[in-house]
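The values are calculated or read from the model by the stated rules, or taken from the named source; none is laboratory data. These numbers were taken from a predicted model, which means no experiment stands behind them. Here the Cβ positions follow ideal geometry from the backbone for every residue, glycine too, while neighbour counts run over all protein chains shown.
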Amino acid sequence: MSVDVTIVPTGLANIASVVAAFRRLDVEPRFANDSDDIARADAVVMPGVGAFGAAMGRIDEVGWREPLAGRISAGRPTLAVCLGLQLLFEKSEESPGVHGLGAVPGAVTRLPGEVTVPQLGWNRVTPDERSRFVEPGWAYFANSYRVESVPDDWIGTTADYGGTLVSTVERGGVLACQFHPELSGEWGSALLQRWLDAAGRDS
Amino acid sequence: MAAPRVIPCLDVDAGRVVKGIRFQGLRDAGDPVIQAELYQKQGGDEIVILDVSATPEGRGHAVETTASVREVLAIPLTVGGGVRSTANAQALLEAGADKVAVNSAAVDRPELIAEIADRFGSQCTVLAIDAARTGDDGWEVVVNGGRTRTGLDVEEWVRTAVGLGAGEILLTSWDRDGTRSGYDLELLTAVTGAVGVPVIASGGADNAQHLVEAIEAGATAALIASILHDGITTVSTLKESLLSAGIGVRP
């Protein structure tokens with residue numbers, strides 16, 4: 001069973017790693033051009049490296065806001081990675097005044113000064129037992145900003161770095177990861193496979 | 001908290017590993033893809049590839065090497081060596097590097113750090129430094145294979161670089177590199193005290209105890225090269241020793 005995966009190019013870098021990870025799972029992703037691609041896709045990936053404001057600017061410029069927000073609200077298979085997770089929320093300290101997709105309630109804040117910033121490294125992920133996709137393990141993080149708590153109506157997992165930080169939120173076919181599953185070794189690859197399997201069943 | 005990282009480093013010249021592991025019955029010890037895969041399998045937390053090619057033709061292989069390694073690598077990849085422009089950085093990131101490292105080009109033109117960080121983000125931008133002790137209690141930046149002593153104070157340089165957007169420092173002790181006498185702990189303490197970004201210790205590691213000391217001195221990662229290449233130890237063995245010593249690396 002092969003799933004049609006469409007990547008939304010929200011950031012400048014990081015796409016090569018995501019593409020390579022899917023290819024290792026025998027999936028050849030394609031790239032979204034317009035908003036119809038996003039609405040029609042079986043499964044969508046929002047990668048993200050870069051700044052909140054710049055990414056939302058790009059999303060609004062191309063008209064991706066509505067279809068992305070629509071997919072998230074409907075719980076259709078969507079994987080958001082790193083900045084991608086942050087874009088789902090309402091706003092971020094990184095770019096004051098910029099509206100995120102607002103599909104998940106809450107705000108993104110900067111890591112506190114007591115810890116090394118950015119967080120660059122492997123951290124333990126402790127899943128909520130109701131999680132459909134996430135097993136306990138180690139994931140690779142590369143972030144200076146984070147969400148501090150899992151909102152109501154979403155299932156989440158957390159990690160510890162200068163306090164609690166949200167490592168994933170999920171609902172239906174939507175899985176958002178603060179870490180990089182494509183850079184998290186075999187554990188990350190297994191996570192991607194579970195998300196793909198669910199996307200194949202859901203769509 | 002995030003685990004301290006053990007990072008194997010490959011020196012690559014014109015697409016071939018300069019000192020590949022020769023003790024594992026590998027089909028081709030000079031192939032960067034095979035070496036990187038081996039380190040990944042042994043539990044390496046990231047891979048650093050440094051291009052040490054002497055010629056532009058040699059350096060021309062770097063993008064292809066990056067792309068080939070990316071196909072098999074599910075852990076972070078940093079590529080450095082001869083990165084002189086945002087265009088170089090972009091080509092490497094598009095080919096599959098997660099981070100790019102700049103060294104002497106940034107000393108020549110510090111704005112390069114800001115150009116890369118502004119475009120691609122601080123978490124993609126690593127400043128690599130070769131630090132040599134000066135007569136008194138300090139260190140200066142050396143470039144050009146150690147042949148040129150710049151007189152630039154290392155602590156000042158890292159502060160400048162972080163201010164420009166460098167998200168990580170790869171700090172090599174020029175004096176210790178290759179000596180197997182341990183990392184320069186005073187250098188590490190000074191630099192980790194000067195900036196709040198992650199610092200990777202490099203130069204001088206011989207055994208797990210050296211890695212323990214570097215981590216206790218504030219490094220969030222330890223780069224290792226010759227002890228792996230010469231078959232003295234493996235990433236797995238080092239990590240087992242670190243865990244026994246109470247250092248919480250990713251198992």
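If I filter segment B:47-60 for residues that are at pLDDT 95 or above and either in contact with a Phe, Trp or Tyr (Cβ under 8 Å, 6 or more places away or on another chain) or at the interface with another protein chain (Cβ under 9 Å from one of its Cβ atoms) (or both), do I get at least one hit?
Yes: one or more hits.
Only one of these is touching a helix residue (DSSP H, G or I) at 6+ places or on another chain (Cβ under 9 Å) and acidic (Asp, Glu): A:34, A:26, A:60. Name it.
Answer to the selection: A:34.
Let me confirm something: among A:54, A:21, which residue is part of a helix (DSSP H, G or I), within 11 Å of chain B (Cβ to nearest Cβ) and closer than 21 Å to residue B:67 by Cα?
A:21
Given the residues A:149, A:144, which is the only one that is farther than 28 Å from residue B:7 by Cβ and hydroxyl-bearing (Ser, Thr, Tyr)?
A:149
Going by the structure shown, is residue A:96 more than 14 Å from chain B (Cβ to nearest Cβ), surrounded by fewer than 21 Cβ atoms within 10 Å (Cβ to Cβ) and either in a loop (DSSP other than H, G, I, E, B) or modelled with pLDDT under 95 (or both)?
So residue A:96 passes the test.
Being within 14 Å of chain B (Cβ to nearest Cβ) and not in a strand (DSSP E or B) is the filter here, so list the residues in segment A:153-171 that pass it. Steps first, please.
Step one: list which residues in segment A:153-171 are within 14 Å of chain B (Cβ to nearest Cβ), which gives A:158-165, A:167.
Result: A:161, A:162, A:163.
Quickly run through segment A:132-171 and pick out the residues that are in contact with a Ser or Thr (Cβ under 9 Å, 6 or more places away or on another chain), of a type in the set (Phe, Trp, Tyr) and over 21 Å from residue B:220 (Cβ atoms).
The answer is A:133, and nothing else.
Being surrounded by fewer than 24 Cβ atoms within 10 Å (Cβ to Cβ) and in contact (Cβ under 8 Å) with a residue 24 or more places away in the chain: is that true of residue B:102 here?
The answer is no for residue B:102.
Just to be sure I understand the filter: pairs with C-beta atoms under 8 Å, separated by 6 or more residues or on different chains, first member in segment B:184-205 and more than 14 Å from chain A (Cβ to nearest Cβ) and over 20 Å from residue A:117 (Cα atoms), second member of a type in the set (Asp, Glu) and not in a loop (DSSP other than H, G, I, E, B). Which pairs pass?
Listed pairs, sorted by first residue: B:185/B:213.
Determine which single condition residue A:174 fails, assuming it passes every other condition in (1) of a type in the set (Val, Ile, Thr); (2) within 13 Å of the chain's Cα centre (by Cα); (3) within 12 Å of chain B (Cβ to nearest Cβ).
(3)
How many of the residues making up segment A:177-203 are in a loop (DSSP other than H, G, I, E, B) and within 14 Å of another protein chain (Cβ to nearest Cβ)?
3
Taking segment B:121-142, which residues are touching a Lys or Arg at 6+ places or on another chain (Cβ under 9 Å) and either surrounded by fewer than 24 Cβ atoms within 10 Å (Cβ to Cβ) or over 26 Å from residue B:76 (Cβ atoms) (or both)?
Selection gives B:132, B:134, B:139, B:140, B:141, B:142.
Quick check on residue B:79: is it within 18 Å of residue B:170 (Cα to Cα), touching an Asp or Glu at 6+ places or on another chain (Cβ under 8 Å), of a type outside the set (Lys, Arg) and without any contact (Cβ under 8 Å) to a residue 40 or more places away in the chain?
yes
Can you name every one of the helices (runs of 4 or more DSSP H) wholly within segment B:170-239 that holds 1 or more residues which are β-branched (Val, Ile, Thr) and modelled with pLDDT under 95?
Because the criterion is at least 1 residues that are β-branched (Val, Ile, Thr) and modelled with pLDDT under 95, the helices (runs of 4 or more DSSP H) in segment B:170-239 that meet it are B:226-229.
Is there a residue in segment B:27-42 that is surrounded by fewer than 24 Cβ atoms within 10 Å (Cβ to Cβ), within 19 Å of residue A:142 (Cα to Cα), within 14 Å of chain A (Cβ to nearest Cβ) and among the acidic types (Asp, Glu)?
No, segment B:27-42 contains no residue that is surrounded by fewer than 24 Cβ atoms within 10 Å (Cβ to Cβ), within 19 Å of residue A:142 (Cα to Cα), within 14 Å of chain A (Cβ to nearest Cβ) and among the acidic types (Asp, Glu).
Residues of segment B:143-164 being in contact with a strand residue (DSSP E or B) (Cβ under 8 Å, 6 or more places away or on another chain), surrounded by fewer than 20 Cβ atoms within 10 Å (Cβ to Cβ), among the small types (Gly, Ala, Ser) and not in a strand (DSSP E or B), which ones?
Across segment B:143-164, the qualifying residue is only B:146.
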